[in-house]
Amino acid sequence: GEEEERGVGASDSLAQLAGYVDRLGEVCPWTARQRAADLLFHTRKELLEVEQVLRAKEIDESALCSELGDVLFDVLLLIRVAARDLSPAAVSLEACAAAACAKLRRRAPYVSGAAVPASPEEAEAWWQRTKEAEKAEAAKG
């Protein structure tokens with residue numbers, strides 16, 4: 001579909017990956033031993049590999065897709081392990097996606113139909129103002 005052409009579309013592969021991550025959480029002894037903070041090392045390593053691909057003179061799209069897939073896997077695993085250790089009702093793929101959507105609607109309201117910023121600087125300024133306001137509100141308690 002059109003969303004997939006733009007590189008955003010969710011698909012059967014995403015659902016399959018989430019299922020594989022759930023299965024790892026159920027049967028893999030290595031995964032059972034991990035805590036969310038333990039997984040950060042692996043996620044950082046994968047992000048560095050993405051950076052290497054992106055900084056290459058010529059970007060290998062297949063390698064980029066593979067490395068981004070590793071990051072996606074790591075994020076899903078991090079959510080799964082955090083849910084197991086904390087609260088599956090509070091930490092889930094759905095809850096994390098909903099939080100990201102809410103944040104985008106606040107910090108980049110044009111994703112849901114508001115007026116589009118006239119420049120990258122205007123978009124960045126809106127994002128930063130909103131982020132600072134959110135932090136100030138959170139600090140009030």
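Go through the stretch 107-120 residue by residue and tally those that are in contact with a Lys or Arg (Cβ under 9 Å, 6 or more places away or on another chain) and either of a type in the set (Lys, Arg) or modelled with pLDDT of 95 or more (or both). Result for the stretch 107-120: 1. A count restricted to the stretch 55-97 and to residues that are in contact with a helix residue (DSSP H, G or I) (Cβ under 9 Å, 6 or more places away or on another chain), open to solvent by less than 50 Å² (accessible area, probe 1.4 Å) and of a type in the set (Ser, Thr, Tyr) stands at 1. Residues in the stretch 33-54 that are outside any helix (DSSP H, G or I) and open to solvent by less than 70 Å² (accessible area, probe 1.4 Å): Gln34 alone. Per the listing Ile79, Ile59, the residue uniquely assigned to a loop (DSSP other than H, G, I, E, B) and β-branched (Val, Ile, Thr) is Ile59.
Here the stretch 109-125 is the region considered, the condition is being aliphatic (A, V, I, L, M) and over 17 Å from Lys135 (Cβ atoms), and the residue that is surrounded by the most Cβ atoms within 10 Å (Cβ to Cβ) is Ala123. Looking at the structure I just gave you, is Glu137 exposed (fewer than 12 other Cβ atoms within 10 Å of the Cβ) and modelled with pLDDT of 95 or more? Taking the combined requirement at face value, the residue does not satisfy it.
The values are calculated or read from the model by the stated rules, or taken from the named source; none is laboratory data. Because the structure is a prediction, the values reported are computed rather than measured. Reconstructed Cβ throughout: ideal geometry from the backbone, glycine too, with neighbour counts over all protein chains shown. Keep in mind that these areas ignore ligands, DNA and RNA; they rest on the heavy atoms of the full protein, side chains included. Shrake-Rupley method; radii C 1.70, N 1.55, O 1.52, S 1.80 Å.
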